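Student: Below is the structure I would like to discuss, written out as structure tokens.
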Amino acid sequence: MKEIAPDATSFHALAAAADRLLAAVDGLTDAGAAAPSRLPGWTRGHVLSHLAAQAPALERLLAWARTGVETPQYASRAARDAEIESGSRLPATALVSRVRDSATHWQATVESLPERTWDATIRPFTGELCTPRRILVIRLRELALHLVDLDLGHEIDDIPPGVRDIVLDDVLGYYAQADGVPAFTLRDADGTPVARFGDGGPDVSGKPSDLLAWLSGRSDGTALTAPGELPTLPPWI
């Protein structure tokens, strides 16, 4: 699965992604927070509550890496879901404040993590064994995609290319290991191969942002080119 280096470039990308999201929700009203997001069954408040809770949850994994004491990201899925649901009903100003404060604390934590910690082995909620370098990808991915999900005027096309490419690589890594992925080849709009799944199958081509939107379930793929219907993908996390 995708990992990135814990360096100044990565830390800047994380801080900038948080800043973009916080700028988008600046001045969000209670009615706006209660409005539907692009995620089925979730309001904007649910998305913000999830992001606010995710930062300390990921910090628990970083504590595991730093101390060697197993510290799960969440106590359980039920506990995670209950925390998101409860937070989603907070006033908009409180929600935005929680997102801002948790992002600030997260940033300070990752930038001060001892160098040896980055090579420790941990296990996120999704089950894979990894190092904290992957946790940087998870947070960057969530900030980038959930900004789009808030439905406040940001699209996949607006994700900075460097961040988009990291998130696309991460999604491709998921499908490379997922069950039930049909055979097909992804190509950039100029025909350059991006990824191959299985043997044979159709070529699916498009610009990177359109590929990411389809693979991550943020579009139906109408912007892509394929001979006939697009392959049916298993749900992405």
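Student: Is it the case that region 70-90 has a residue that's more than 24 Å from Ala33 (Cβ to Cβ), at pLDDT 95 or above and among the acidic types (Asp, Glu)?
Tutor: yes
Student: Within the group Gln73, Gln107, which residue is in contact (Cβ under 8 Å) with a residue 12 or more places away in the chain, in a loop (DSSP other than H, G, I, E, B) and polar (S, T, N, Q)?
Tutor: One residue alone meets the criteria, Gln73.
Student: With Ser102, Ser112, Ser88 as the choices, which residue is touching a Ser or Thr at 6+ places or on another chain (Cβ under 6 Å), of a type in the set (S, T, N, Q) and over 29 Å from Gln177 (Cβ atoms)?
Tutor: After applying the criteria, what remains is Ser88.
Student: Pick from Ala23, Ala31, Ala55, Ala63: which is without any contact (Cβ under 8 Å) to a residue 24 or more places away in the chain, open to solvent by less than 30 Å² (accessible area, probe 1.4 Å), hydrophobic (A, V, I, L, M, F, W, C) and assigned to a helix (DSSP H, G or I)?
Tutor: After applying the criteria, what remains is Ala63.
Student: Let me ask something else about it. Residue by residue through region 34-52, note down the ones that are polar (S, T, N, Q), open to solvent by 20 Å² or more (accessible area, probe 1.4 Å) and in a loop (DSSP other than H, G, I, E, B).
Tutor: Selection gives nothing.
Student: Follow-up question, since we're still on this one. In region 131-164, how many are surrounded by fewer than 21 Cβ atoms within 10 Å (Cβ to Cβ) and not in a helix (DSSP H, G or I)?
Tutor: The qualifying residues number 7.
Student: Looking for whichever is touching a Lys or Arg at 6+ places or on another chain (Cβ under 9 Å), closer than 24 Å to Ala13 by Cα, open to solvent by 40 Å² or more (accessible area, probe 1.4 Å) and modelled with pLDDT of 95 or more here; the options are Val171, Val194, Val167. Which one fits?
Tutor: When all the criteria are applied, what remains is Val194.
Student: Out of (1) farther than 21 Å from Thr9 by Cα; (2) open to solvent by 60 Å² or more (accessible area, probe 1.4 Å), what's the single condition that is false for Asp119?
Tutor: Unmet for Asp119, out of (1) farther than 21 Å from Thr9 by Cα; (2) open to solvent by 60 Å² or more (accessible area, probe 1.4 Å): (1).
Student: Of all residues in region 76-103 being under 18 Å from the mean Cα position of the chain (by Cα) and not hydrophobic (A, V, I, L, M, F, W, C), which is least open to solvent (accessible area, probe 1.4 Å)?
Tutor: Ser102
Student: Let me ask something else about it. Inspect region 181-188 for any residue being within 19 Å of the chain's Cα centre (by Cα), more than 28 Å from Arg60 (Cβ to Cβ) and in a loop (DSSP other than H, G, I, E, B) and give the result as yes or no.
Tutor: No; the residues of region 181-188 include none that is within 19 Å of the chain's Cα centre (by Cα), more than 28 Å from Arg60 (Cβ to Cβ) and in a loop (DSSP other than H, G, I, E, B).
Student: Hey, another quick one. Considering region 209-237 alone, what residues qualify as being closer than 18 Å to Glu155 by Cα, in contact (Cβ under 8 Å) with a residue 40 or more places away in the chain and in contact with a Pro (Cβ under 8 Å, 6 or more places away or on another chain)?
Tutor: none
Student: Please go through region 198-237 and pick out each residue that is of a type in the set (Phe, Trp, Tyr) and either more than 30 Å from Pro124 (Cα to Cα) or surrounded by fewer than 18 Cβ atoms within 10 Å (Cβ to Cβ) (or both).
Tutor: Of everything in region 198-237, just one residue is of a type in the set (Phe, Trp, Tyr) and either more than 30 Å from Pro124 (Cα to Cα) or surrounded by fewer than 18 Cβ atoms within 10 Å (Cβ to Cβ) (or both), namely Trp236.
The values are calculated or read from the model by the stated rules, or taken from the named source; none is laboratory data. Note that this is a predicted model, so its numbers are computed, not measured. Heads up, the Cβs are rebuilt from the backbone with ideal geometry, glycines too, and the neighbour counts pull from every protein chain shown. When the accessible area is computed, the model is the full protein with side chains, heavy atoms only, and any ligands, DNA or RNA have been set aside. Shrake-Rupley method; radii C 1.70, N 1.55, O 1.52, S 1.80 Å.
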